[in-house]
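Rule-based calculations on the coordinates, nothing more; no lab input. If you're wondering where the values come from, they're calculated on a predicted model, not measured in any experiment. When we count neighbours, we look across all protein chains shown, and the Cβ atoms used for this are built from the backbone with ideal geometry, even at glycine.
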Amino acid sequence: MGGAGGADGDPRKLGDDEDDSGRRGAKKLTGKITVWSWDVAAAALKRLGRTFQERNPGVTVDVVDIGYDNAYDKITVGLRGGTGLADILTIEGSYLPQYTANFPSAIYDVANLGGRYGGDFARAAWRTVTGRTGGEQVFGIPWDIGPCALYYRTDHFRAGGVDPTSLQTWDDYVRAGVRIKKATGHKLLVHDPTDSGIFPMLLQQQGQSSFLGGRIALETPAAVQALTLMKRLAEEELVDYEKNWDGLVTATKEGKVSTTPIAAWWSGTLTDEMPELSGKFRVVPLPGFTADGVRTSNIGGSTLCIPTQSEHPELAWQFIRFVLTDKDNQVSMLKREGLFPAYLPALEDGYLSEKQEYFGGQRANAVFTRLAQNIPPVEYTKDDAKEKDIVISTVNGVMLHGKDPRAALASAARQLAEATGRKRVAVAP
Amino acid sequence: MSSNPAAVRRLGRFAVRAVLVLGGVVSLLPFLWMATAATHSTADLFHSPPPLLPGGQLLDNLARLQESIGFGRVLFNSLGIAVVHTAVSSLVSAMCGYGLAKYRFRGRGVLLAAVLATMMIPFQVLLVPLFQMMASLGWIDSYQAVILPFLANSFGILLMRQAFVGFTDELIESARIDGCGELRTFYRVVLPCVRPQLGALVTFTFTAAWNSFIWPLLMLNTEDKYTVPVALNTLTGLSRVDYSGLMLGSLLATLPLMALFLLFQRQFVAGLLSGAVKG
Amino acid sequence: MTAVNTHERSVAPACAPGTVRRPRRRGHLSGWIFAGPAAALFALFFAYPLGASLLQSFTTEDAGAVHWVGLDQYQRMLHDPAFIQSLLNTGLILVVQVPVMIGLALVLAALLNQSWLRFRGTWRALHFLPAVTTLVAYAVVFQVLLKTDNGLVNQILGAVGISPVDWLNDPTWARISLILTLTWRWTGYNAVILLAGLQSIGKEQYEAAALDGAGTFTTYTRVILPQLRPVILFCAVTSTIGTLQLFDENYVLTRGGPDNATLTPVVYLYKVGFQQFDFGYAAAIAWVVVALIAAISALQYLAFGRERRR
């Protein structure tokens, strides 16, 4: 077996085959659980943990901010060591399948308890917790999601004489970039030469990751189109190369680039780090690969899951359910911590259709809300870490050294096949 | 001019000072930038070029640091851990170095091999088994788990062995004739003679314990127990980094190390040793 | 060569130079009194992890199931371009950075040892400062200083008419950046060790040399350096070990990139183990690092040590 989605493991199930939700009121909750998270997510859980404690006297929820940078080291050592983990872990959706596949039976399958919520979450987010099983196994509950759109500078577009609503396709986007650069000298977007940049986003927009059905899908038309687009952007000298997070933020703050194709959480960075640019940005859906193609994608998004080491899995589950399947709580996390919910009922809240002053009165959140429902789900695998290294060097070989996208992707597919033992998706020559 | 020894000496001294100033500037430059960054808001730091002159946000940053990670508290934790670690580890290392340098005993070769092996093995592969040990001892989230495994410090043992290898035996013998026991000889006669190395050992051990990051991160699961590096790590989020808080925290974290270094400076000065021995 | 090993000290008659260099053959008990605590700590905390990692290097895992594969993991390295690249990068640092750094540290230690120098304490502290930076500060500071666009270093270079250097994104420059920042961080550290060695050399050694009419420079090269040899060797060996185990600096600065230009074996084994969950292979790489360190350290002892048999 290719081994995606933990299919060859033997995961432990939490809860009876009969759904227990009816009994919740009857059983009094007691005990103490610990939760690991980071950053604003930890802040949100601390806040809701207090509410949960108030509603359930006898329950203690201890939320620990373990920091993001080395969170996975801590989680990996705990999973590998078979002990020492918290009762609830925050794991990004794109990482979860690596853990469930490499440590089968280390994370509870909560299908019996949480399976019925499947329809309430954005499909792309739900896919990260179910893997390829189509809902037979559910390894956690999705939390937030990163619907993608195009942030742009109104002043740059005006100076270049480009109507942002005219950006239907990526071809339009490149042409607009050329005009804006001619008129203003600004480049179009930032690329981090130590990262794969917008490549995974462009793949997901077309409904795939680097894998399809467990096979390597780097030679598909979608992959070739994505990398060809990136090469064109580089050749037209529309790319501003900046390393790391602070490089992207600085370049944006300095107005070096006119657009940023990125997820909804970018709004938080804009308002926090560049309040002086209030009114300069707007949001439109991503350009499509065809005029009627999908106009969004996904970057980021976390899940909450329960390791089988937990001594209080039922209580852990009740807390997860309280935080993530409750409309008011989800909305409060959006308002207060800026976490964009994957829980669809929360997206109906009026807050998301309010005018936003920072975006010159545009209803930016409404754009993301509309897009969030349509993000194509893609598959993540246990080999994503190997995939990432190879894709990064392939993408930058093309962008920085002008390699041919098709040939570079074929070579990447061969390397990845060798490293993982997976087959490649057959492509018509 | 070369015939004038005074002039040559002046020139030499000038050259020495010039080199030291240059080295000092290079050493200091990154710290100056940290100090500058600590006085700005994170948003200001994202300007390009970044600000070079101090800003007015120092107190705000300090207040935020205290509020977000309880800086005073974690500073206190780090101090306690590092002091205990340094005191015990330096003593253990010095004793072991002395034993290896001055005695032949059965198992000495095995011990030396163990010292070398733990020094040579990349620490990263030991993390999981060591973690399992701590867990089975029930020590997760405790300070003994942070401190105990790394008390025996290979580098320190070799540094001290190095110091003792050439150490004269007559002195030890005469102390023994005076009726000193082995341990008493060691503390009263031998240790004071290797003060420069001991000062270096204490400084290095304290620095390593103070800056230790990945092991305390793995061991500690309560924010109240965090050390400075573990707490500062939480300032880095997924899509936001509190750079000014990081810079201020890091800068403040180096102050105790500098204080310690200046304190143990004395140990490096050989002149102070005269008469200090065999009191 | 009699001078090699004797850390004579002039100041106190009690610490007078001796001639006996052999460990005295006294009862086993006395030796264990001193070595015991450390030995117990090693046995308690490292016997199991060391053994476990060695065993692990002969296994592979697939979704939780462990298989014995003999030497397969070790053979894999021979055909693994990333691993070979990591060795080449390490070799470059060993050949270029370590000697330069120790040379600079020697000069620095000698300068800081000048008795006429005022504020010696402050000078020493200043040069030791880089060694006490926390890693997170090191990472952020150098990312900012070495930024291609408007980084402080490029701004300074620009002021003297040098065009911006792509410090961290170009493979060659990334290697140079790593070497420079390593030297920045560790020169003062080594200087402190060497200074401790210099301080152990008696004052009358310098005076005797001066009576002979030797200049300061000659005193250092002829009289002091040979006596400092064991300390220099110590620095060389520990720096070699540090280089072969290099992880912190290149991980936080470049993650081993670009294009594996700053990849080292330990960064690679971290990626293999903690990101790809290939723990068997990671353990095998670790033990190859041990073997390399042992071999190179042994060579250094043979070539420069000439330490008397104990």
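Observations
- Each label point was placed 7 Å from the Cα along the Cα-to-Cβ direction; for C:Thr122 and C:Leu94 their separation is 4.2 nm.
- Computed from backbone phi, the HN-Hα couplings of region A:392-409 come to 4, 6, 5, 4, 6, x, 6, 6, 8, 10, x, 5, 6, x, 5, 5, 5, 5 Hz, rounded to whole numbers (Karplus: 6.51 cos²θ - 1.76 cosθ + 1.60, θ = phi - 60°; Gly and Pro given as x).
- Shielding by partners, peptide C:142-155 (average Cβ within 10 angstrom, other chains): 5
- Here is what passes the span test in chain C: the DSSP H helices with alpha carbon length of 24 Å or more along the helix axis and a Kyte-Doolittle mean of 1.0 or above are C:28-56, C:225-244, C:279-300.
- Helical content alone sets the calculated 222 nm signal of chain A at -12500 deg cm²/dmol, taking -39,500 (n - 2.57) per DSSP H segment of four or more residues and averaging over every residue.
- Using θ = phi - 60° and Karplus 6.51 cos²θ - 1.76 cosθ + 1.60, couplings along region B:93-99 (whole Hz; Gly, Pro as x): 5, 4, 4, 5, x, 5, x
- Dividing the C-alpha radius of gyration of region A:312-429 by 2.2 N^0.38 Å, with N its residue count, gives 1.58.
- Antiparallel DSSP beta bridges within region A:119-267, percent to nearest 5: 65 percent
- Residue order, fewest to most surrounding Cβ atoms within 10 angstrom, among A:His191, C:His79, B:His85: C:His79, B:His85, A:His191
- DSSP beta bridge pairing in chain A, given as percent antiparallel to the nearest 5: 60 percent
- Rounded, prolate or oblate (a/c below 1.5 giving rounded, otherwise prolate when a/b exceeds b/c) for region C:35-165 by Cα gyration tensor: oblate
- Computed E for A:Asp326/A:Ser105 - FRET, C-beta separation, R0 25 angstrom, nearest 0.05: 0.30
- For peptides A:61-74, B:153-166, C:90-103, sequence by mean Cβ density within 10 Å, most packed first: B:153-166, A:61-74, C:90-103
- Cβ neighbours within 10 Å from other chains - mean over C:248-255: 1
- Relative contact order for chain A, counting Cα pairs under 8 Å that sit 6 or more residues apart, in percent: 26 percent
- Selection from A:Ile306, A:Phe211, A:Gly131 lying farthest towards where the dipole of chain A points positive, charges on Cβ: A:Phe211
- Contact order relative to length of region B:69-273, as percent, for alpha carbon pairs under 8 angstrom and 6 or more apart: 35 percent
- Residue-averaged beta-carbon neighbours from other chains (10 angstrom radius) around A:29-40: 2
- Inter-site label distance for A:Thr228 and B:Leu32 at 7 Å from Cα along Cβ, in nm: 5.3 nm
- When Rg and the Kirkwood Rh are both derived from Cα coordinates, the Rg/Rh ratio for region C:134-214 amounts to 1.27.
- Where only alpha carbons of chain A are counted, the Rg and the Dmax (Å): 21.9, 69
- More than 21 Å apart - percent of Cα-Cα pairs taken over region B:69-273: 61 percent
- Taking the charge dipole of the protein assembly as shown about its Cα centre, with +1 at Lys and Arg Cβ atoms and -1 at Asp and Glu Cβ atoms, the residue from C:Gln143, B:Ala145, B:Thr222 reaching farthest to the positive side is B:Ala145.
- Chain C: C-alpha gyration tensor shape, a/c 1.5 cut-off, then a/b vs b/c: oblate
- Cα convex hull, region A:246-377: 147 Å³ per residue, rounded to a whole number.
- When the alpha carbon gyration tensor of region A:170-319 is reduced to an equivalent ellipsoid, its three semi-axes come out at 32, 23, 14 angstrom, largest first.
- The protein assembly as shown: antiparallel DSSP beta bridges as a percent of all, rounded to 5: 60 percent
- FRET efficiency, B:Gln144 to C:Ala210 (Cβ-Cβ, R0 60 Å, nearest 0.05): 0.65
- Lysines whose Cα lies under 17 Å from that of A:Lys46, excluding same-chain neighbours fewer than 8 positions away: A:Lys32, A:Lys335
- Calculated diffusion of the protein assembly as shown, Stokes-Einstein form, Kirkwood radius summed over Cα pairs, 20 °C and 1.002 mPa s, µm²/s: 69 µm²/s
- Using the Cβ-Cβ distance between A:Lys32 and A:Thr83 with R0 = 22 Å, the FRET efficiency computed as 1/(1 + (r/R0)^6) comes to roughly 0.80.
- Selected from B:Thr86, B:Leu116, B:Ser136, residue furthest toward positive end of dipole (region B:69-273; charges at beta carbon): B:Leu116
- Projected onto their three principal axes, the Cα atoms of region C:81-141 cover extents of 54, 27, 11 Å, largest first.
- Its residues counted as N, region A:163-211 yields a C-alpha radius of gyration over 2.2 N^0.38 Å of 1.37.
- A simple spin-label model places the labels of B:Val84 and A:Arg12 3.3 nm from each other, with each point 7 Å out along Cα-to-Cβ.
- Looking at region C:102-176, the pairs of alpha carbons with a distance over 19 Å make up 56% of the total.
- About its Cα centre, the dipole of the protein assembly as shown is roughly 3620 debye, where the only charges are +1 on Lys and Arg Cβ and -1 on Asp and Glu Cβ.
- Kirkwood hydrodynamic radius over Cα pairs of region A:129-171, then Stokes diffusion coefficient at 20 °C and 1.002 mPa s, in µm²/s: 150 µm²/s
- Each Lys and Arg contributes +1 and each Asp and Glu -1, all at the Cβ; summed about the Cα centre of region B:69-273, the dipole is approximately 340 debye.
- Taking Lys and Arg as +1 and Asp and Glu as -1, the other residues whose beta-carbon sits under 10 Å from that of A:Tyr108 total +1.
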